[in-house]
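Q: Quick one: this structure, given as structure tokens, is what I'll be asking you about.
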Amino acid sequence: MFENLQPAPADKIIALIGLYRADPRPDKVDLGVGVYKDRDGKTPVMRAVREAEKRLLQSQDTKTYLGLAGDTGFNAAMAWLTFGQAADMTRIRAAQAPGGSGALRLVAELLKRTRSDATIWLSDPTWPNHMPVMRGAGLQIREYPYFDAASGTVRFADMLAALSAAKSGDVVLLHGCCHNPTGANLDTAQWAEITDLVVERGLLPFVDIAYQGFGEGLDADAAGLRIMAAKVPEMVVASSCSKNFAVYRDRVGAAMILAKDGAQADVAMGQMLSAARAMYSMPPDHGAAAVRIVLEDAALRADWEAELEEMRLRMLRLRVQFAEALRRQSNSDRFDFVASHRGMFSRLGLSEAQVERLRAEHGVYMVGDSRINVAGLPEDGMEALAKAIVSVLD
Ligand code: PLP
Ligand code: TYF
């Protein structure tokens, strides 16, 4: 039977992990996969998460099933973390999901059940997994322009114009903060404008928030989503704890629904859980239980917020240092946008051939579209890295 299969194309971001590991050069630089790293290149378990895991180990006396929505305490805490204290919780429901990716798929399945011919608009460019996840759920895909590579900024007028052509009932996927792969984000005034547009045209906003706390701070990173939630009749959200709790492999995320009223929220939640049942039944517990313990305990939560803030500030510092080194090495302001971007990523605007040369000649690894993971920038090798980058420019 399998003789009929063709090899599947590799996930280009994940493939970089193996390429980097196999490279024997001691001064190689990993700017590939979007995983936070400290100064030593390590991705440690966060202090509060480790403590929560200890408590879990001591207190957990059963591993019996929890149910399709997973840990209800986790779900409530995630709804508050995302929508904030001002939100109308009577209209919001949250279901634990296997990572942000699982949450994206779960929401997409709900959309498919709601509207079998649903079209979803993705930013061009977007995270490469958005396409297969949405297609996998059977949604039609359209794209809206998002990024101006020359200036490193959002093509907001073009984005608005494209979305003005969307049909009532179409879905618009927005990155809540820290846009992947570009690092260019909407400001709050732009979120307000998009909110007016989706209300006016009857579009459904779908916010993917995978880096809350990595850009401007925990609340600031959710500000756009919250502006929207205060005005729109309905919206859906996929949130990930992979990065901001550093629980990547434990697969922790939440799929959330804001409905017109509590009764519709309950029906939508029931359909979403029925979709979960058809895919994997129940989500994995461990990571979500640890996150719940952190969010419900004032001291652990404060420690988590403090460590997250250290990570955020480190990435900001690296951005400034890198932009300065590139300015010196290139004698130009061409890369200044790196300092004003937010989150883990920036797109440098290099060609695939230039990215390949950096890998082959300098041991510098980045995604083929010239996306860099800012957390991988070498604090003590910034000048050499900037020099290598400038050396492959035309
Ligand atoms: N959405 C975006 C934009 C991402 O970059 C990621 C990657 O981490 C995710 C969602 C979901 O990640 P995970 O499934 O690991 O939580
Ligand atoms: O974009 C990234 O690098 C992260 C991690 O299939 C990631 O979001 C990359 C690819 C993938 C899953 C996660």
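Q: From the square roots a ≥ b ≥ c of the eigenvalues of the alpha-carbon gyration tensor of the stretch 226-347, which class results: rounded (a/c under 1.5), prolate (a/b over b/c), or oblate?
A: Judged from the Cα gyration tensor, the stretch 226-347 comes out prolate (a/c at least 1.5, a/b above b/c).
Q: Which log10 I(q)/I(0) values, to two decimals, does the chain give at q = 0.07 Å⁻¹ under the Debye formula with one point per Cα?
A: -0.32
Q: What percent do you get for the relative contact order of the chain when only Cα pairs under 8 Å and 6+ apart count?
A: Result for the chain is 25 percent.
Q: Rounded to the nearest percent, how much of the accessible area of the chain (1.4 Å probe, protein heavy atoms only) is carbon and sulfur? Walk me through the numbers on the way to the answer.
A: Details: 9170 of 17520 Å².
Of all accessible area on the chain, carbon and sulfur atoms account for 52 percent.
Q: With a probe of 1.4 Å, find how much accessible area the stretch 65-296 has per residue, and write the answer as a whole number in Å².
A: Details: 8510 Å² over 232 residues.
With the other protein chains kept in place, the stretch 65-296 gives 37 Å² per residue.
Q: Highest mean first, how do 278-286, 104-112 rank when packing is the count of other Cβ atoms within 10 Å averaged over residues?
A: 104-112, 278-286
Q: Shifting gears a bit: Of all DSSP beta bridges in the chain, what percent run antiparallel (nearest 5)?
A: On the way: 17 of 36 bridges.
If I count the DSSP bridges inside the chain, around 45 percent turn out antiparallel.
Q: To continue, here is another question. Return the inverse of the average 1/r over all pairs of distinct C-alpha atoms in the stretch 65-296, which is the Kirkwood hydrodynamic radius, in Å to one decimal.
A: 17.4
Q: Moving to a separate point now. Rounded to the nearest 0.05, what FRET efficiency is calculated for D27 and D336 with R0 set to 35 Å and r the Cβ-Cβ distance?
A: Using R0 = 35 Å, I get an efficiency of 0.85.
Q: Placing unit charges on C-beta atoms (Lys and Arg positive, Asp and Glu negative, everything else neutral), compute the dipole magnitude of the stretch 65-296 about its Cα centre in debye, rounded to 20. Spell out each step's value before the answer.
A: On the way: 19 positive and 23 negative charges, 137 e Å.
Charge dipole of the stretch 65-296: 660 debye, to the nearest 20.
Q: Under the Kirkwood approximation applied to all pairs of distinct alpha-carbon atoms, what is the hydrodynamic radius of the stretch 1-106 in Å?
A: After inverting the mean inverse Cα-Cα distance, the result is 18.7 Å.
Q: Out of the chymotrypsin sites (Phe, Trp or Tyr not before Pro) in the stretch 52-96, which ones are loop residues according to DSSP with at most 16 other C-beta atoms within 10 Å?
A: Passing sites in the stretch 52-96 are Y65.
Q: Would you mind classifying the stretch 263-306 by shape? Square roots of the alpha carbon gyration tensor eigenvalues, ordered a ≥ b ≥ c; an a/c under 1.5 is rounded, otherwise it is prolate if a/b is larger than b/c and oblate if not.
A: oblate
Q: Would you work out which of I17, V45, P7 lies farthest towards the positive end of the dipole of the stretch 1-59, given +1 charges on the beta-carbon of Lys and Arg and -1 on that of Asp and Glu, about the Cα centre?
A: Result: V45.
Q: Now a separate question. Treat every Asp and Glu Cβ in the stretch 206-364 as -1 and every Lys and Arg Cβ as +1, leave all other atoms uncharged, and give the resulting dipole magnitude about the Cα centre to the nearest 20 debye.
A: Dipole about the Cα centre, nearest 20: 480 debye.
Q: Can you tell me the FRET efficiency between R328 and A353 if r is taken as the Cβ-Cβ distance and R0 is 22 Å, rounded to the nearest 0.05?
A: Efficiency for this residue pair is about 0.35.
Q: With a cap of 13 neighbouring Cβ atoms within 10 Å, and only residues DSSP puts in a loop, list the trypsin sites (Lys or Arg not before Pro) found in the stretch 49-103.
A: Passing both the DSSP loop test and the Cβ count: K63.
Q: So how much slack lies between Q140 and E379, counting 0.36 nm per residue of separation and subtracting their Cα-Cα distance, in nm?
A: Going from the current span to full extension adds 81.7 nm.
Q: In nm, what is the difference between 0.36 nm times the number of residues separating Q190 and S151 and their Cα-Cα distance?
A: 12.3 nm
Q: Just give me a number: lysine pairs in the chain, eight or more positions apart or cross-chain, with C-alpha atoms less than 18 Å apart.
A: 8
Q: At what distance in nm do the modelled label points of Y280 and R201 sit from each other, each positioned 7 Å from its Cα along Cα→Cβ?
A: Using points 7 Å along Cα→Cβ, the separation is 3.2 nm.
Q: Another one. May I ask you to compute the full-extension gain from L160 to A263, defined as 0.36 nm times their residue separation minus their alpha-carbon distance, rounded to one decimal in nm? Before the final figure, lay out each step's value.
A: Numbers: separation 103, 0.36 × 103 = 37.08 nm, distance 3.26 nm.
Value of the extension gain: 33.8 nm.
Q: In addition: GNM, the chain, Cα, under 10 Å: largest mean-square fluctuation among V291, V374, V35?
A: V35
Q: Still on this structure: Answer rounded, prolate or oblate for the stretch 85-214, using the Cα gyration tensor with square roots of eigenvalues a ≥ b ≥ c: rounded when a/c is under 1.5, else prolate when a/b is larger than b/c, else oblate.
A: Taking the square roots of the gyration eigenvalues as a ≥ b ≥ c, the stretch 85-214 is rounded.
Q: Excluding ligands and nucleic acids, what accessible area in Å² is computed for I293 using a 1.4 Å probe, to the nearest 10?
A: 30
Q: Please identify every one of the trypsin sites (Lys or Arg not before Pro) in the stretch 225-269 that sits in a loop by DSSP and has no more than 16 other beta carbons within 10 Å of its own beta carbon. If you can, show how the numbers build up before the last one.
A: Values: sites: R226, K231, K243, R249, R251, K260; in loops: K231, K243, R251, K260.
Filter output for the stretch 225-269: K231, K260.
Q: Which distance in Å, rounded to a whole number, links the C-alpha centroids of the stretch 210-248 and the stretch 56-95?
A: Going from one Cα centre to the other spans 16 Å.
Q: While we're looking at this one, here's another question. Rounded to the nearest 5, what % of the DSSP beta bridges within the stretch 204-281 are antiparallel ones?
A: Roughly 60 percent of the DSSP beta bridges within the stretch 204-281 come out antiparallel.
Q: Please report, in debye to the nearest 20, how large the charge dipole of the chain is about its Cα centre when each Lys and Arg carries +1 at its beta carbon and each Asp and Glu carries -1 there.
A: Computed charge dipole of the chain: roughly 540 debye.
Q: What value, in deg cm²/dmol to 500, does the helix sum -39500 (n - 2.57) over DSSP H runs of n ≥ 4 give at 222 nm once divided by the residues of the chain?
A: On the way: 14 runs with 175 residues, N = 394.
Taken over the chain, the calculation gives -14000 deg cm²/dmol.
The values are calculated or read from the model by the stated rules, or taken from the named source; none is laboratory data. Note that the structure is predicted; figures quoted are calculated from it, not measured. Note that each Cβ is placed from the backbone with ideal geometry, even for glycine, and that neighbours are counted across all protein chains shown. Note: accessible area is taken over every heavy atom of the protein model, side chains too, but ligands, DNA and RNA are not part of it. Shrake-Rupley method; radii C 1.70, N 1.55, O 1.52, S 1.80 Å.
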